[in-house]
Each structure stands twice: as structure tokens, then as C-alpha cells.
1. Counting only other chains, and only Cβ atoms inside 10 Å, what mean value do you get across the residues of B:105-111?
2. Filter A:113/B:64; A:258/A:307; A:77/A:113; A:113/A:307 down to the pairs with a C-alpha to C-alpha distance above 30 Å, please.
3. Where does the longest stretch of chain B lie that holds no trypsin sites (Lys or Arg not before Pro) found in a DSSP loop with 11 or fewer other Cβ atoms within 10 Å?
4. Rounded to the nearest 500 deg cm²/dmol, what is the calculated helix-only ellipticity per residue at 222 nm for chain B, with -39500 (n - 2.57) per DSSP H run of length n ≥ 4?
5. Mind listing the phi-derived Karplus ³J(HN,Hα) values for the range A:148-161, rounded to whole Hz, using 6.51, -1.76 and 1.60 with θ = phi - 60°, and x for any glycine or proline?
6. Please report the relative contact order for the range B:9-116, taking Cα pairs under 8 Å with a sequence separation of at least 6, and give it as a percent rounded to a whole number.
7. Starting from the eigenvalues of the Cα gyration tensor, five times each then square-rooted, give me the equivalent ellipsoid semi-axes of the range B:9-116, largest first, whole Å.
8. Under the definition of partner shielding as Cβ atoms of other protein chains within 10 Å of a residue Cβ, what is the mean value for peptide B:86-93?
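Read the figures in this text as sums done on the coordinates, not as results from a lab. The model shown is predicted, which means the values in this text are computed figures rather than measured ones. Because the Cβ atoms are built from the backbone with ideal geometry, glycine has one as well, and the counts that use them run over all protein chains shown.
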Amino acid sequence: MLEETPLDLQPGNAVGEDELERLEGELRQSQRLEAVGQLASGVAHEFNNILMAIGGHAELVAREGGPGGNGRASLNKIRELTRRGAALAGQLLAFSRRETMELVTVNVNTIVKETARMLRKVMPAQIDLESFAAGDLGNARVDPAQIQQLLVNLAVNARDAMPRGGRLTLETANVEFDRDYAGEHSGVKVGSYVMIAVSDTGTGMDPRTRERIFEPFFTTKPAGEGTGLGLSVVFGIARQHGGHVWVYSEPGHGSTFKVYLPRVEAEPEDKERQDAPADEGLPGGEERVLVAEDDNSVREILTHCLKGCGYQVVSAECPSRAESAFRDDGGIDLLVTDLMMPERSGRELYDRLAAESPGLKVLYISGYTDRALGREGMLEEGSAFLQKPFSLRELARVVREVLDAPPVCG
Amino acid sequence: MAETGKKKRIMVVDDDEDVTDVLAWTLVEDGYDVTTAHDGEGVVDKLRSEEYVLLIVDLCMPRKGGLDVIREVRAGNLPVKICVITGYLDSESLSAIKTLKADMAFSKPFSPSDLLRRLKELEASSPD
């Protein structure tokens, strides 16, 4: 995918520029089809596993004759599995990117700075994050949310390549590709680009791995720790912006991903984003927050972010542990809880805790919309709610708002 | 339920924890002693060190896939029966399954009860 196969042209066999372009187009198309094939088999594999587990648990419930005993555990598993299916669908949408892009002309430095600030809150302490923004960086016409997602995916990849810590560097630069360069690198067009580089000091990759990293569902991570879609999404987003991605990596010497986005002459139009003070911190406080979330990665991110905002955070992976933690702590001001969890819902958890401590405030989070949850009776009207995925800035803002709101009576 | 006394052991190997979970729950309910693993590394050593009646193994797994495990089981003449499970069957895997003479094969999604039924038939047709 990175080093496209050179065309096997015999010497003396004159091939015109148009012909060459057509052949290269066909080659790219065949590679795209190969990627689609790989995607289809990966999706089939994932969905069949999910369906298999749902069907198997349904059988167990039927055997039990109802949702008593182990049947209840199976029903909870089924609910988790449907969420896993929904998450897979969400990742596929991110890969195919069928939704309309919201393009604005921006200085990419603003996106990089904002993302770096967010990443500093969530990266493990043993990873140093540096960011170097080129002062004269040109503008690009991009969907800022997608570029942020691209950077986060690259950062997650870098983090996983540095299990014992290291340095993550984000930098930007202006780059020109001339005719010679474009001629030597398939898929690259002559022109001016804005480059974002994401480098790590991690394990690096051998050539075989490097050639396959953008393939959907290709992953080197242990089972259950990666979908194999993160870098495919990076590739898809860069391509959709008319750009491309190059990777430089050697085993033991870390990796550098360079994303090139076409530069435009127009002035930035997203004034709100440009005017945002570069170093404005996230709103925070010192209250005690209990995080109840069964998804390990989401719980870690929430905990890191809230700690980064100054809060004292206790976290639990299930409602029963959350209840014990609440009682042990004795001074929790706010419960941040997932709505759908094994054992009991986030709302039931809050009701039990609020019965002991009426001043307790709550913020619900869920992958479902508040409307859908309201319909199911899972969410009371007027409850503080954040729908996943949310930005850490949004989380910090809503947590502060909930804590500052007057206590609800009755 | 399986016969009382010493429980028969089954090894379930699949990189997807949800799949190993549901198979293990079903087999345990039926009285078997179940061990799970999430890739092929170390599986053959385990099969050598303890007596298992059945190995249920996924084909596509990180590090060491199902076909490599089956090849080693066959090369070592281990007495365990083999059940191949797969979420995506291509012609290459199919011919490998035939060559390596798997005792049964299921394409996901399948019903764990069907697997149990086939296992009982297999046990009935080849008593210890």
C-alpha cells in the first residue's frame, strides 16, 4: 500500500503519459478492491463471532427457562454483544466515511495544538508529548473533526508501540512536491502541502509489517486489544482530503507517520477555532468524582482526563464495585456513570447511592442518544447526559456545569 | 450431562473472548471441564500434559493460528479429537481441514447445542 508495485515495462516499449496514468489508476483501483475484500472478510469474521456469541447465550437463556440465575448473566452478555456490534458498525462508518465532510479552511496548527493538549491529559505518565508547530504553516481545507480523529488514531498507535514509555512528537511543516518527487512516488501529485508528522520512540516495524499496516483489520496487537481499523481510518481520511500518508520505521528505532494535506491560499474561515486561546486549560475543580464504566479504555480515559482537570477520582468497573468505593470513600460529590452496565443500569446505581447521600450529583454517559434512552425509560428528563463519543473538553465543561448546578430537591 | 466421576476435559481456543466464553459456559453446563486459550501458543504443550477429549480451535488467530496447532497435534499423534471453528472459510483453509482430518468443523455463527450433539455422537461412535 505504501510502496506501490512498479509497472513492469520493457525497455524500448514507449508508453505515453496518459497510458501510464491510466495503468496506475487501474493499479490503485485493484489495490482498493483488495482492501475492500480484506475489509469484507474481516467484517464477516467479527460479525460472525458476535452473532455466534449472541445465539449461544440466547440458547443458554432458553435452557434455563428464563432470565433467572445464569440466564440473567447471559442476557447481560447479549446486551454487551449488541453494543460491540454497534461499535463495529461505527468503526466501519469511520472507515468508509460515507457521511459528508464539513470542510473549512484552517491553519492545521490549531488542530494539532488542540489535539496535543487533549492527548497530554490521556497519555500514560511515562510518555512525554512534544509538539512543534511551524510558525509559517500554510492553510488547508479540511474537516477538523476528521483530522483530529486521524491524529488521535496515530497517537494511540504510538502509545501502543511504547509499552515502557518514550517520546511522542507532533510537528508540522510546509512541504513542496516537485515533478521529480511526484514521478518517483506513486499517488503523489505535484504541489504544496501541509505536513503533520507523528513520531514515536517505540518498538518500530519490520518491512513486512510496514507494508500491511493500513490494511483494514491488520493488527499486531494481542487479541481483544485492537480492531485493526485505526490506521485504515488514518489512510482513508488522508486520501479523502486529497492527501496521503508515508511511514518511516525500523525495528527498534520507532516510527514516524507523515500526513500530507494539500495547502490552500485562502485565509482561515473558522474564526472561532482560530481565535480560541491556544493555552486555555480545561475547566476543572477539586471535588471528588466516582467514575463507573465497564469499558476499560473509556474508564481509563475518563479517569485520566478528570484527574488532569484537578478532580480527585475513584473509578470502578461495575456497579457493585462502585457502591463499595462510594461507601469506602464517604465524600463523593459526583457520580459519572455509564448507563448500560452489567448487574444494573447507571440509573439504578445512582438511585441507590443517592438514597444514602441525597446531595450526590450525577452525569450519565452512553453510546445511545438521550432520546433513545428516554424512550426506554433509562434516562429521566432533565438528567445531565453526554453521548459517546464526546471530546474531553466537552466532558470537562459538562462535569463543571453539573457540579456548579444547584442541588435538585425532592 | 456427562457421566459422573472424573469430568472430561475440553480445550477451547479462539482469539475472541466472547466466543470462548459462550462455548465454555455451554460445555460446563453439560458437565465438561473446560480450558480456554486465546491463541495457539502453548496449546499443544497443554494437550500433551493433560488428557483432553476434544480440542475446539479457531483457524484465524494472532501469533499461532488453528492450522499450525492441528498440524502439531497430528504430528505428535495426540489422541484428542479436533473440532475446527471459523468465522471465514476460504478454499485454502477448507482443503487444509480435509488434509488434516479434523473430526468436525463448524462455520460461525453456529449453535453450541449442535456442537454438543455432534460431540455426543462422536463419543458414542468411538468409546474410550
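1. Partner-chain Cβ atoms within 10 Å, mean over residues of B:105-111: 5.
2. A:113/B:64; A:258/A:307; A:77/A:113
3. On the way: sites that count: B:6, B:101.
After excluding every exposed loop site, the longest remaining stretch is B:7-100.
4. Rounded to the nearest 500, it is -12500 deg cm²/dmol.
5. 5, 5, 4, 5, 5, 4, 5, 5, 5, 4, 5, 4, 5, 7
6. Once normalised by length, the contact order is 25 percent.
7. Semi-axes (√(5λ), whole Å): 19, 17, 13.
8. What the average comes to for B:86-93 is 3.
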